[in-house]
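The values are calculated or read from the model by the stated rules, or taken from the named source; none is laboratory data. Predicted model only: the values in this text are computed from it and were never measured. Neighbour counts are summed over all protein chains in view; Cβ atoms, including those assigned to glycine, are modelled from backbone coordinates with ideal geometry. For accessibility, only protein heavy atoms count, side chains too; no ligands or nucleic acids. Shrake-Rupley method; radii C 1.70, N 1.55, O 1.52, S 1.80 Å.
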Amino acid sequence: MLSRSSFTSLVVGVFAVYVAHTCWVMYGIVYTRPCPAAAADGAAGGCVWPYLAQRPKLQLSVYTTTRSSIGAESNIDLVLNVEDFDIESKFERTVNVSVPKKTRNNGTLYAFVFLHHAGILPWHDGKQVHIVSPLTTYMVPKPEEINLLTGESATQQIEAEKQTNAVDEPVSHWRSRLTLNVMAEDFVFDGSSLPADVHRYMKMVQLGKTVHYLPILFIDQLSNRVKDLMVINRSTTELPLTVSYDKISLGKLRFWIHMQDAVYSLQQFGFSEKDADEVKGIFVDTNLYFLALTFFVAAFHLLFDFLAFKNDISFWKKKRSMIGMSTKAVLWRCFSTVVIFLFLLDEQTSLLVLIPAGIGAVIELWKVKKALKMTIRWQGLRPKFQFGAYNDSEKKTEEYDAQAMKYLSYLLYPLCIGGAGYSLLNVKYKSWYSWLINSFVNGVYAFGFLFMLPQLFVNYKMKSVAHLPWKAFTYKAFNTFIDDIFAFIITMPTSHRLACFRDDVVFLVYLYQRWLYPVDKSRVNEFGESYEEKLKKKS
């Protein structure tokens, strides 16, 4: 069996190898080795040359159709035509797109983007390149919020289509943005080692003795965010489409292809469109340098999360006494963690936030069982709960705990009840359950730090902090400061974002108490043992 220290070292070692491997993979994506023979011989065999180096006169055309493949000109509609298309010049244009009846009836509409020679229709140009992207996607509409007392809806007009649709039935949504890129570098590829990610976007032509690749056209699917989606109603005949273009480097193109594949893999593993959208936001809304910082921050957050959970479980697994530990604080922490998890679940928050919150809720429930010395015996299908007895020292701790809670209740309960009543009168919710969860969680976020005061009060009365799980506290402190960074990166409710900064203040108070009360070797620690007792046992 591995000791605790060796297991932690193993985890840290695996983490270091993972980070180093990821950095090496990222370098291989961003850097592409050019054809070595191109520098020595202008017409070297085995090299694949850029067709754009000949500076052809190009034209960009965007068509729409309800079919995923086209074979005739009559089946498509031209929505955008850019003559004298310049690879180096970025632009953004908004056009109105006719929505066919098939699309209005929960169908799909596709965009065909052609890059071809100017003055020639794309299906008559042998050197044209094109790419297809759906302009619609299927999602469950967000439930409408109403005032629970008056029944007044957030929108004054509710269309008949929304009333007939089932709440959990996916409907067709319009993607209002189409982001195009063309790889603008005159890069010479090695034909024997073409990158697999770019190769599927390349089209080769033979010009004389050399092989050329036509312009690499790319549609940035990461820019399609949930916030830009519009529900397609049966009465809608036209919808706006914003077409934007910018050139892209080879390194960023390869990186973006891998990120799109990663998001697609998440959806294949069961992640919803909204969950995938949270991941997209990390890539799209930040620059590459900040994205690299985000990766390292997320990796360390995962490591500290694991170590904090491990040490917290180890601490409570060995704990035999509740001396110096506030039972009320443990119960409150369990209640608040479960409420926060249900709130995040109700808000359909990203799984990046939801999964750690769910694991934390399970651990807090187990800690309550340990704190109350609870045992569960099954009599058939009916559980029977038994609670252990407290000794004199533990009863003294409970007295301090009850004293602190008595003072807190005078302030806390009126604030929570008043906040719940105010939100019921002035805020719209999806259901009574949503209002109840929001009221609980607002009390947790706004006044939850007050429930940490009983533990501080017990520490003050006992003039000791030796009974606290400081190793787990340390890892959680690192994660708290990392959460401060993530609060600006990952989409989450504002109250949850503010709670991240509230935890910083609480931890600083614990640190002050640790400095204020020095180590007393005669005092019982968190495992019900003292340093002097250990010496007596050894002698």
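Which distance in nm do the two modelled labels at N106 and K317 give, with both placed 7 Å along the Cα-to-Cβ direction?
5.0
Which pairs break 22 Å Cα to Cα here: K369/K395; K90/K274; K57/K203; K317/K406; K203/K280?
Going by Cα-Cα distance, K90/K274; K317/K406; K203/K280 fall outside the 22 Å limit.
At 1.4 Å probe radius, can you tell me the per residue accessible area of the range 357-441 in Å²?
Accessible surface, normalised per residue, equals 63 Å².
Can you pull the accessible area of L217 for me, 1.4 Å probe, Å² to the nearest 10?
Approximately 10 Å² of L217 is accessible to the 1.4 Å probe.
Once you place label points 7 Å from the Cα toward the Cβ at A299 and Y422, how far apart are they in nm?
My value for the distance between the label points is 4.5 nm.
What spacing in nm lies between the two simple spin-label points modelled at M202 and L331, each 7 Å away from Cα in the Cβ direction?
6.8
Between V99 and residues 5 or more places away or on another chain, which pairs have amide H atoms under 5 Å apart, with H built 1.01 Å from N, and which residues are they?
E238, L239
Please give the solvent-accessible surface of K227 in Å², to the nearest 10, using a probe radius of 1.4 Å with every protein chain present.
150
Which order do the peptides 437-443, 128-134 take when ranked by the mean count of other beta-carbon atoms within 10 Å per residue, highest first?
Peptide ranking by packing, descending: 437-443, 128-134.
Extension gain S68-Y517, at 0.36 nm per residue separation less the Cα-Cα distance, in nm?
On the way: separation 449, 0.36 × 449 = 161.64 nm, distance 7.15 nm.
That works out to 154.5 nm of additional length.
What net charge do the residues around S176 carry, taking every other residue with its C-beta under 11 Å from that of S176, with Lys and Arg at +1 and Asp and Glu at -1?
+3
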